[in-house]
Amino acid sequence: MAMGLNGSGRGGRRSRFARAPMAEINVTPMVDVMLVLLIIFMVAAPMLTVGVPVDLPKTQASALQGDNEPLSISISGNGQIYLQDTAVTPEEIVPRLQAISKNGYDQRIFVRADKQIDYGKVMDVMGRINAAGFTKVGLVTDTGGSDAGASGANSTK
């Protein structure tokens, strides 16, 4: 008794269980997952730019527009100073900023301070920034509008 191709049995009928293996890979679910991950990372990446939690004071000023990513100096609620995400002492601010400026950095610096911090501490940090040769210093505040994540900056030149 001879068997035919494609799993045909007796009488030329094809069996329900005898199917040829599928040699194609369905990539649609993988593409869907990758696109969802891409969208999640595109939305989450801007939220990760400054990692020091600071309770900013409220203001009515509008946000400044700029081309380049500014440096950020943050003063937390306990008085700790951060250059970007790195903790620094007040004495380290000037040498680190001068080292950055030797690499050709001549951009804005944003100062973010917790609203509970003494005004003198903020002015001390701003004086040290000026001593390092930076003149474009902005104070970051919370706009207090309906968009709680937005922040404005007031520039001093």
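The values are calculated or read from the model by the stated rules, or taken from the named source; none is laboratory data. The structure presented is a predicted model; accordingly, all values stated were derived computationally and were not measured. Cβ: placed from backbone, ideal geometry, glycine included. Neighbour counts: every protein chain shown.
Of all residues being within 19 Å of K136 (Cα to Cα) and of a type outside the set (G, A, S) in the range 66-80, which is modelled with the lowest pLDDT? Just the residue, please. Per the stated criteria, the residue is D67. Sort through G149, G133 and tell me the only one that's at pLDDT below 85, part of a loop (DSSP other than H, G, I, E, B) and over 21 Å from the mean Cα position of the chain (by Cα). Result: G133 is the single residue among G149, G133 that is at pLDDT below 85, part of a loop (DSSP other than H, G, I, E, B) and over 21 Å from the mean Cα position of the chain (by Cα). Criterion applied to D114, D142, D106 was being at pLDDT below 85, under 30 Å from A44 (Cβ atoms) and in the same structural domain as I73 (by TED's automatic domain parsing), and the one residue passing it is D142.
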